[in-house]
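Remarks on the structure that follows.
Readers should treat all values here as calculations from the given coordinates under stated rules, not as data from a laboratory. None of these values were measured; they are calculated from a predicted model. FYI the Cβ positions are ideal-geometry reconstructions off the backbone, even for glycines, and counts take in every protein chain you see.
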Amino acid sequence: MTNSPPPPGTSDIMPEEIGVWHFIENAAHKVFRLYGYGEIRTPVLEFTEVFVHGLGSETDVVRKEMYTFKDRGGRDLTLRPEGTAGIIRALCATDIFAGIDKKVYYMGPMFRGERPAAGRKRQFHQIGVENAGRILPEFDAECIFMFMHYLQEIGIEGHSLLMSTRATPEDRKPAEKALKEYYSSHVSGMCEDCKIRFERNIWRILDCKNPQCAPFISETPDMLGYFGDDSRRHFEKVCALLDKMNVKYTVEPRLVRGLDYYVHTVFEVTHPGLGAQNALAGGGRYRIRPSGAKKEVEGIGFAAGMERLVMALQNHASHAQETPFAYIAPLCAEAVLPCMEIAKGLRLGNLSTVAEYEPRSLKSALRAADRLSAKFAIVAGESELEKSLFLCKDMKNGTQKEFPISEIVAQLMSQI
Ligand code: AMP
């Protein structure tokens, strides 16, 4: 066996592990549709401009983490680091500007050139939603509630919801001034990135994970009090609605989220079972003006890390790989063709079947059926074929019967 792992920060998801992925995906299809969302699939490749413009050129994702390259036609392309910007680009081709909302959900791979660590990958997967075109705080609360509903559906417990507001860009100005004042006397002792953030986008400092900066960040004055009335009212309304819906949360004023497009509500859901990278999902309200569009699109959404959902679920339930109904193997060369015929009949009858087409011994056939946890092992050697029979062994109770080849599919179908 050779050992050639995929590139750092990526992984193979093998059939033995896929059951839990299907489980979280199926629950997403179910729950999000209950709220009127439809699935959208946009390209993994977008023009780089979609992200630079959409996420903000000073965000960590755009500055340091995107997989960007020129294709053979000289186009500037990027492997999507997140879902929202591309989805808004796609929705702008619809009637979104006519005030008609679009509710979509998505799942798929995202790419960020981060330092790989437990729970932090370079290719990871997200399940997310966007409700674009609606500005009422009721939709923020509904969206957050929907994620809580989703977590309940898949059986994740023990998580925490952290809430904050980024206000509107206009309402943020006094807070920005207060931040400048506070950090002007500390920035010299902070990391190099924060020195740049201080000059270019001071809010990003609050997102810094460098331990050197942590003491200064933890003492940051509470910005909520500096925001204007409209922004405060929006946030209070969302919180009041969550209270009404019995959703527990903590207000975390220093939660700013990593991208520039956020306005008003931002939130993060953490889970204690995830270790250092404890964010299960994050989201909020955003305004994006896709390049070329005259107007901004406002929406509310979130994205959950699928690897992290899988990690949080690991201790809860077993999502075993599906096992075949039948394992069929020839014990002599003449039995190969009948095996193929019987396997075809079983599969067309919706019974999953693993077939061998190379003669083997009875012992090794039964061992293989056992290893696959098949319900039935079906075999025939020369003596059975002389009588046009196949031997069927019930792998659970050990009983075995011989059936004529022409009847075997009907006989096994009657066993389910
Ligand atoms: P973000 O919008 O960056 O907060 O991402 C939303 C969610 O995606 C996070 O809460 C994580 O669960 C997941 N996520 C983000 N980046 C990564 C990564 N590099 N590796 C694994 N999961 C990630």
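Remarks
- Mean Cα-pair separation over length for the chain, i.e. relative contact order, pairs under 8 Å, 6 or more apart, %: 16
- Added length on full extension, which subtracts the Cα-Cα distance from 0.36 nm per residue, Q277 to M14: 92.4 nm
- Listed by chain and number, the lysines whose C-alpha is less than 22 Å from the C-alpha of K387, apart from same-chain residues fewer than 8 away, are K344, K363, K401.
- Nearby lysines by direct alpha-carbon distance to K209 (threshold 21 angstrom, same-chain neighbours under 8 apart not counted): K64, K121, K180, K195
- Value of relative contact order over the range 325-416, rounded to a whole percent, pairs C-alpha under 8 Å and six or more apart: 30
- Taking Y249, Y37 and counting other C-beta atoms within 10 Å, the order from fewest to most: Y249, Y37
- FRET efficiency for the Q400 to E341 pair, using the beta carbon distance and R₀ = 22 Å, is estimated at 0.60.
- Antiparallel DSSP beta bridges within the range 270-416, as percent of all bridges there, nearest 5: 70
- Between N3 and A240, the modelled label-to-label distance comes to 6.1 nm, taking each label 7 Å out from Cα in the direction of the beta carbon.
- Radius 9 Å from Cβ of G282, net charge of other residues (Lys, Arg +1; Asp, Glu -1): 0
- Whichever lysines have a C-alpha closer than 19 Å to that of K102, once near sequence neighbours (fewer than 8 apart) are set aside: K30, K294, K295
- Inter-site label distance for K70 and A214 at 7 Å from Cα along Cβ, in nm: 4.4
- Taking R115, R134 and counting other C-beta atoms within 10 Å, the order from fewest to most: R115, R134
- Percent of beta bridges antiparallel (DSSP, the chain, rounded to nearest 5): 80
- Cα shape, the range 133-228, gyration tensor, a/c 1.5 rule: oblate
- Taking the square roots of five times each eigenvalue of the Cα gyration tensor of the range 347-416, the equivalent ellipsoid has semi-axes of 17, 16, 12 Å, listed largest first.
- The range 123-225, relative contact order [Cα under 8 Å, separation at least 6], %: 20
- A crude spin-label estimate for the pair E25 and A117, with each label 7 Å from Cα along the Cβ direction, gives 3.0 nm.
- For the range 248-344: rounded, prolate or oblate by the Cα gyration tensor [a/c cutoff 1.5]: oblate
- Amide H partners (placed H, <5 Å) of I156, local residues excluded: none
- The local environment of I40, defined by Cβ-Cβ distances under 10 Å, has a net charge of +1 under the rule Lys, Arg +1 and Asp, Glu -1.
- Alpha-carbon gyration tensor eigenvalues x 5, square-rooted, for the chain, Å: 54, 22, 21
- Cα shape, the range 1-122, gyration tensor, a/c 1.5 rule: oblate
- Debye intensity ratio in log₁₀ form over the Cα atoms of the range 271-416, taken at each q of 0.17 Å⁻¹: -0.88
- Using the rule -39500 (n - 2.57) for each DSSP H run of four or more residues, divided by the residues of the chain, the 222 nm mean residue ellipticity is -9500 deg cm²/dmol.
- Net charge contributed by nearby residues that have their C-beta within less than 15 Å of S383 (K/R +1, D/E -1): -4
- Taking a span of 15 Å or more along the helix axis (Cα atoms) and a mean Kyte-Doolittle hydropathy of at least -0.5 as the rule, the DSSP H helices of the chain that qualify are 18-34, 137-154, 336-348.
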